[in-house]
Amino acid sequence: MLASSFRQINDFEVEGLRRSQSWAKDQYLCYYIRFNKPIRKLYLTVNDTLTGKTEAEGKNIKVAFGFGKLKDNVLMVKTGISAVSMDGARKNLTKEIPGWNFDAIRKQARAAWNKELSKIQITANKTNKIIFYTALYHTMIAPNLYMDTDGRYRGTDLKIHKAKSFTNYTVFSLWDTFRAAHPLYTIIERKRDADFIKTFLHEYENGGQLPVWELAGNYTGCMIGYHSVSVIADAWAKGIRGFNAQEALEAMKHSAMANHLGLAAYKKYGYIPADKESESVSKTLEYAYDDWCIAQMAKSLHKTADERYFLQRAQSYKNLYDPQTGFMTPKAHGLWKYPFNPTEVDFNYTEANAWQYTFFVPQDVSGLMKLMGGKEAFAKKLDRLFTTHNQLTGRKQPDITGLIGQYAHGNEPSHHIAYLYDYAGKPWKTQAMVHKILYEMYSNKPNGLAGNEDCGQMSAWYVLSAMGFYAVTPGSDIYAIGTPILNEARINLENGKTFVIKAENMTKDNKYIQSAKLNGRAYNKAFLTQSIIMHGGELDFIMGPKPNKQWGSNPDELPVSAITHHLILPVPYTNAKKRVFVRPVDAGLFDVDSSAKIYYTTNEKLPKNRWTLYHQPIHIDKTITLNYFAKKDTLQSKVTAMDMVRFPRGRSITLYTQPGSQYTAGGDSALIDGLFGGNDFRSGAWQGYQGVNLKAVINLGKLTTISYLSAHSLQDINSWIFMPEYVTFSVSTDGKHFRPVGKVTNTIPENQWGSIIKSFSIRIKPVKARYVRVFGKSIIDCPSWHKGYGGKAYIFTDEITVR
């Protein structure tokens, strides 16, 4: 709690402020409460102490009201809220609920919801009808109105502004909702969608950036990508206007040209190296998609230079596709992750693994199919996704639920994947899998969703899919056709027209499309366009129990997502497995395009023209940085830097406590390889020990004079990582008898937030030893004041230095 206040106005009215800090770092909630009976007794406490007063300010205020014996046993309460002021809360209540007729308010609410829900009218069995309208209702709960009745609102600069010609909103869970919820809004909530975008632009004007996950006027820093650009591009592609397109493009570019969250590395290397930023694979793929959205907006506004630049960036996914494994794979220091397991959930992916993220290239499905060997190979890869075992490895991630093989419907990265069969010329497989998901992942029970609702995204998938189509690539006007499970869906459009989808022979077993007609004429395409829907009309499906493999499977009948111009040359890759080596290695260099040539240099400063043409594996026998790129005709890839470290022969380390499986930093020797991690514990450079002390012995290989000892540690209490209470060092000549030579006590407060690095270092009187024992004392348990109280604390170490 940042601050709070309370004041009794009279016997019937009170008001106050609750200013809190949590996910939203500074959230204002002003309130005004009116009772229909007089307050007889007020119990006001500050810091749990009764004050006997009628108003107070502080951080811990509680109040209770006594009304005595009520004659009719009825107490009525009305509450108004505002993010602007207490006066605003009073005015909101006075305007919206002036009287005390509860039944009238209930009827108004019911009528308002029926009006919204009638935007889609369906005919279906009772169960599907309940699920459908529950889902449609869920899609309309957020975003929320975030302004007073007089138009004032609190902006992302936390200052008060007044909306002119738009309605301000909050709660934009864009990593989730750009996928299906916002495309649904372009059909049934076009006026509101325009207001959402105007809100985005005012958040850019007021707070300096477009929202990623905005809550109550706060940038929460949650989730990845800059998917407000997807929402803007999708709305623009589908004819929604009423906002400043030039300003929108400027704001979109501002998000993409920042240097935070891995973007600096992304622009430099054409992908995000795993050693530079956590969740590197997911961020690269999602940035690439968002860049395509910017390119589409730029193209529409005739900004050719912007279109070219962002279209090239949109192909960055090619730089993380490993042809050896067939997956989008983390790459650190120029090397693919090794060993690699596509079922592993780690910090290279966002709430997912390689199986789920490899298929996230919605902007260039054709390009992804080409990388995988064509449509047939792509379809077989999809088959394996859905039919392989459903066991996850790596860290526990509660968001990954609703598994069919390694497909995870309970989380958003998978949501488009079942529709990708359409693009490979096998729409009957999309029909079968979408049908399976609709019936197995949704029900009318309390646990009727496979995962978190995520502000309507989980339900928006159902709403669109139950009608028979889905937006695989928001920013395009194309919807891939799946399979309907409703007898009829009547979409009442804001332009006064109606688009009707009917399914003849609809039963649970008849999941395959046999044929279709659009406005009475044969329709064989496995996709719809926005214009078809918005012009109104009728789409009729004939359903059956067996697939019609001829329907929608010819090349001109398939949905297409393809980048066809301003193509890039992907960066080359190496077959070297490990960055740190003891014996010399021969590193081969390879290019995705076999006809390209590869050039390399070992110069620390990249030469302009003096690069060596690669012919054979490069012999590496010392610590070195190898820079290389590919070239074909006029195309040249980005330069990749491969850092190789020669480890001293004879030196080793023995760990007597083991780090967690997600925090091994690549092996025991990571603690003595001379390489330091950054301030992100998820980068893969840190070893993390949970609920245990650090106990290790270093074997220097021979008697060595020692005068300096150090253990490098990290604190990030938001992630349960605390500094060691102290670190002790002991030395030995035989590895059996140790004597202490130093102790370093922690000086960082355990409640200090942020990512903090401390070197527990000490200089000692020179001493000869072969073995060094290091002991880091963990606090073991999270403190009572910490959110992880009851759980085990971590200590993180990336390097122990002996010299």
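So, in the stretch 478-492, of the ones that are within 20 Å of S531 (Cβ to Cβ) and touching a His at 6+ places or on another chain (Cβ under 9 Å), which residue ends up surrounded by the fewest Cβ atoms within 10 Å (Cβ to Cβ)? Among them, the one singled out is A480.
Considering the stretch 420-518, the qualifying strands (runs of 3 or more DSSP E), each wholly inside and each with 2 or more residues that are under 30 Å from the mean Cα position of the chain (by Cα), run over 478-481. Restricting the search to strands (runs of 3 or more DSSP E) fully inside the stretch 85-199 and requiring at least 2 residues that are closer than 30 Å to N487 by Cβ gives 120-123.
Candidates in the stretch 176-221 are the residues that are acidic (D, E) and over 17 Å from L261 (Cβ atoms); of these, the one that is surrounded by the fewest Cβ atoms within 10 Å (Cβ to Cβ) is E205. Among the residues of the stretch 729-776, those identified as open to solvent by 30 Å² or more (accessible area, probe 1.4 Å), modelled with pLDDT of 95 or more and of a type in the set (F, W, Y) are F738, Y771, F775. If you check R34, R90, R40 for being touching a Gly at 6+ places or on another chain (Cβ under 9 Å), among the charged types (D, E, K, R), more than 30 Å from D157 (Cβ to Cβ) and surrounded by 16 or more Cβ atoms within 10 Å (Cβ to Cβ), only one passes: R34. Among what's in the stretch 352-382 and is open to solvent by 30 Å² or more (accessible area, probe 1.4 Å) and without any contact (Cβ under 8 Å) to a residue 12 or more places away in the chain, pick the residue that is nearest to H409 (Cα to Cα). Checked the stretch 352-382; the qualifying residue nearest to H409 (Cα to Cα) is K380. Return the residues of the stretch 42-61 that are free of Cβ contacts under 8 Å to residues at least 24 places away in the same chain and either of a type in the set (G, A, S) or not in a strand (DSSP E or B) (or both); say none if nothing qualifies. Those that are free of Cβ contacts under 8 Å to residues at least 24 places away in the same chain and either of a type in the set (G, A, S) or not in a strand (DSSP E or B) (or both): N47, D48, T51, G52, K53.
Here's the yes/no breakdown for (1) buried (at least 24 other Cβ atoms within 10 Å of the Cβ); (2) touching a strand residue (DSSP E or B) at 6+ places or on another chain (Cβ under 9 Å); (3) modelled with pLDDT of 95 or more:
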site: L263; (1), (2), (3): no, no, yes
site: K268; (1), (2), (3): no, no, yes
site: S278; (1), (2), (3): no, no, no
site: I294; (1), (2), (3): yes, no, yes
site: H302; (1), (2), (3): no, no, yes
site: L311; (1), (2), (3): yes, no, yes
site: P323; (1), (2), (3): no, yes, yes
site: G326; (1), (2), (3): no, no, yes
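So is E494 in contact with a strand residue (DSSP E or B) (Cβ under 6 Å, 6 or more places away or on another chain) and acidic (D, E) or not? Spelling it out, it is not the case that E494 is in contact with a strand residue (DSSP E or B) (Cβ under 6 Å, 6 or more places away or on another chain) and acidic (D, E).
Is one or more of the residues making up the stretch 579-593 closer than 22 Å to R313 by Cα, part of a loop (DSSP other than H, G, I, E, B) and touching a strand residue (DSSP E or B) at 6+ places or on another chain (Cβ under 7 Å)? Yes. Every listed requirement among (1) modelled with pLDDT of 95 or more; (2) farther than 20 Å from Y317 by Cα; (3) open to solvent by 20 Å² or more (accessible area, probe 1.4 Å) is met by S661 save one, (1). Given the structure, is A104 over 20 Å from R152 (Cα atoms), out of contact with any helix residue (DSSP H, G or I) (no Cβ under 9 Å at 6 or more places or on another chain) and surrounded by fewer than 15 Cβ atoms within 10 Å (Cβ to Cβ)? Considered against the rule, which asks whether it is over 20 Å from R152 (Cα atoms), out of contact with any helix residue (DSSP H, G or I) (no Cβ under 9 Å at 6 or more places or on another chain) and surrounded by fewer than 15 Cβ atoms within 10 Å (Cβ to Cβ), A104 comes out as yes.
Taking the stated definitions as given, is R803 closer than 22 Å to P648 by Cβ and surrounded by fewer than 17 Cβ atoms within 10 Å (Cβ to Cβ)? Yes: the conditions hold for R803.
Being touching a residue at least 12 places away in the same chain (Cβ under 8 Å), touching a Leu at 6+ places or on another chain (Cβ under 9 Å), open to solvent by less than 10 Å² (accessible area, probe 1.4 Å) and not in a strand (DSSP E or B) narrows it down to one of Y317, Y349, so name that one. Result of the check over Y317, Y349: Y317. Selection of the stretch 108-120 for residues being in contact (Cβ under 8 Å) with a residue 24 or more places away in the chain and closer than 23 Å to L449 by Cβ yields W113, E116, K119, I120. Look at the stretch 238-258: where a residue is in contact (Cβ under 8 Å) with a residue 60 or more places away in the chain and on the phi < 0 side of the Ramachandran plot and a partner is surrounded by 12 or more Cβ atoms within 10 Å (Cβ to Cβ) and part of a loop (DSSP other than H, G, I, E, B), sitting 6+ places away or on another chain with Cβ atoms under 8 Å, you get K238/D477. Kindly provide the set of residues from the stretch 577-609 that are within 36 Å of the chain's Cα centre (by Cα) and open to solvent by less than 30 Å² (accessible area, probe 1.4 Å), ordered by number. Within the stretch 577-609, F581, A587, G588, L589, D591, A596, I598 qualify. None of G520, G475 is open to solvent by 30 Å² or more (accessible area, probe 1.4 Å) and out of contact with any strand residue (DSSP E or B) (no Cβ under 7 Å at 6 or more places or on another chain) except G520.
The values are calculated or read from the model by the stated rules, or taken from the named source; none is laboratory data. These numbers were taken from a predicted model, which means no experiment stands behind them. Virtual Cβ from ideal backbone geometry, glycine too; neighbours counted across all protein chains shown. Just the protein is used for accessible areas: all its heavy atoms, side chains included, with ligands, DNA and RNA removed. Shrake-Rupley method; radii C 1.70, N 1.55, O 1.52, S 1.80 Å.
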